[in-house]
1. How many percent of DSSP beta bridges within the protein assembly as shown run antiparallel, rounded to 5?
2. Would you kindly state how much longer the chain becomes between residue B:209 and residue B:107 on full extension, computed as 0.36 nm times their sequence separation minus their alpha carbon distance, in nm to one decimal?
3. Give me the base-10 log of I(q)/I(0) for the protein assembly as shown at each q in 0.10, 0.11 Å⁻¹, Debye formula, one uniform scatterer per Cα, rounded to two decimals.
4. Calculated from DSSP H runs of 4 or more alone, at -39500 (n - 2.57) each and per residue, what is the 222 nm mean residue ellipticity of chain B, nearest 500?
5. Need the list of lysines near residue B:84 for cross-linking: C-alpha distance under 19 angstrom, and skip anything on the same chain fewer than eight residues off.
6. Looking at chain B, do any whole DSSP H helices span at least 24 angstrom along their long axis by alpha carbon and average 1.6 or above on Kyte-Doolittle, and which?
7. Report the one residue of B:313, B:198, B:288 whose Cα lies farthest in the direction of the positive end of the charge dipole of the range B:183-335 (charges on C-beta: Lys and Arg +1, Asp and Glu -1; origin at the Cα centre).
8. Cα centroid distance between the range B:235-265 and the range A:96-168, in Å?
Amino acid sequence: MTTAPILEVRDLVKEYPAATAVAGISFSVPEGICFGLLGPNGAGKTTTIEIMEGILPQTSGEVRFRGEPLGARFREAAGILFQKTALQDFLTVRQCIALFRGLYSHGLDVEQVIRLCALEKLASRDARKLSGGQQQRLLLAIALVNDPAVLFLDEPTTGLDPQARRNFWELVQSIKAQRKTIILTTHYMEEAELLCDEIVILDRGRIVAQGPPRQLLREHFAEVLLELPRHEFPQRARELPLKILDASDRVEITTDDLEGTLRTLLAAQVPLHNLRIRPANLEDLFLDLTGTELRP
Amino acid sequence: MRRLWSVLHARNLEFLRDRGTLIFTLLLPVMLVIGMGFVFGGPERPLFKVGVLTEHIDKKTHPFLGERYVDFVPEPVATTALHKLTHQQIDLLVDLESRPARYWVNTDSPKGYIVEKLLLATDPAAQRQPVTGAALRYVDWLFPGILGMNMMFSCLFGVGYVVLRYRKSGFLKRLHATPLTAFEFLSAQVLSRLLLILVVTAILYAGISAIIGFHNAGNMALLILLAVIGALSMIALGLTVAARFSSEELVGGLLNVLTWPMMLLSGIWFSLEGSPRWVQWVAHIFPLTHLLDAARAVMLDGAGIVQIAPNLLFLAAMTLVLLAFGAWSFRWRID
């Protein structure tokens, strides 16, 4: 099913004196989906999302919301959660939410947002005294006060512990269930795989892949992926006619012929007692497209 | 020692690479030295100030005008000059064109007592006219200055640093992502600080008045109007300074550049009467000068809105221009 795009990005370029952060990208975001912007550090994700949020001017190109350039209508309809946001000092959770509710002409009731983000027990607490996970729930609540048509989440779970992260994902999924459009940037491929209906992978300011995660995995990967400890993988085996990729402490081999690959490895006397076989995931796709070397 | 050196080195690098702050830090002492030299340099100050009822003083017309250590100031309007004498802004007033010469002396002024002796030594026939009415105490004259100074610090530093902190913490960036406009944000800051200033000034006014036994000669409503417009102009000045910068040191330095000259030249501690004309002209660029001139006129002389209208108009115009400039140059985020 094709839905009309809520956001369209056309030939977007952002140049800084020392570098080009975004080098002419185009994509559109259908209404009601969770759209992921992925990429390594410095790929241009945050620059792209900030231009889409209307808070950073582009060098050229345009972003359209429901067919119109970003303007007052967009600001009323967008909810935003930045990577890092400080709030005004000495305000309680409820007062922080009320402050932002007052900036929009329409939206949800403050108590409704508090319930939505499970902040009832924290509503009277000083916002500065919240834990990382609680702080993110408050920032999500603030992003939801105007009942946004489009919600931007810029690396929302960075720095959270696994419990807080999962709790946050559940919240996002409940928002997604209301057919809100979500634009998400993340470094966690598990997060993108779980939440995103469609992704764009950026590298050096350009799009290197675009589409639904499952479809991209099918297009780029064979069915299975074999993992072996790197220190157990003999040097001579690197000459084998296999697709071998070094990934930190392990070696990954992708193949659509599992039996043939296993025979080849056995013939080369590669130890297989620590072998793991699994289907390819989004992280594999990400590393395959953007490489494994550390970015400056 | 190694740890101290590491922190010292990093801090020095941070400072040296913040070019705006660096330039400013080097420029401020130079500007202060030049400014102090202009204001307080030159020949030794006269000991007495004598008003002469004339348009232009010709020193050859009377032997008294040749006295050393006396600053003779032309006073074309007699009523204004008498007013100054009553308030001890001048030590003696003389009319040397009449025959015999006449002079007015404030009987409560110690300086007036001495300078009167000097006049009579050169012209024993001069006719004495004692000034009646209560003499102005220095504390009464200082009172508006203290209120104005408190207002200036609160407006400039209170608003400037808050906006800077909001920008550095990213709070402004978050607000920018909402329908809030720069003008709305700045107006909210202005009104919040204005309310605070008015409450604090009212408490100060009531408290100090009770302690020193001050009686306001003017209209209280006019004084409140003046306080509102004066505070607005200085809040607008603070906002303009903080509108786009992100360095505490630079903003702090710029605010100091504004407060120091106002402290010295706006007439908080002493009257600039008799100082070079260009100094008086420079002093009238500052909002605090207009605020204090008007406040003293109302509080001490009972001036009405017509008399202080030029000051009110200047402050109102300054507020509008600075707020418009501040909104135009405002930056939500660190560039």
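1. Values: 40 of 69 bridges.
Taking every DSSP beta bridge with both residues in the protein assembly as shown, the antiparallel ones total about 60 percent.
2. 34.2 nm
3. Values, matching the q order: -1.01, -1.12.
4. One gets -22000 deg cm²/dmol as the mean residue ellipticity at 222 nm.
5. B:49, B:111
6. Values: long enough: B:19-40 (31 Å, 2.00); B:138-169 (45 Å, 0.74); B:182-212 (43 Å, 1.94); B:220-242 (33 Å, 2.57); B:248-265 (25 Å, 1.14); B:305-329 (35 Å, 1.81).
Membrane-span-like by this criterion, though nothing is claimed about a membrane: B:19-40, B:182-212, B:220-242, B:305-329.
7. B:313
8. Taking the Cα centre of each part, the range B:235-265 and the range A:96-168 sit 36 Å apart.
FYI, it's all coordinate maths here, none of it is from the lab. For clarity, every value in this text was computed on a predicted model and none was experimentally measured. All Cβ positions, glycine included, derive from the backbone under ideal geometry; neighbour counts span all protein chains shown.
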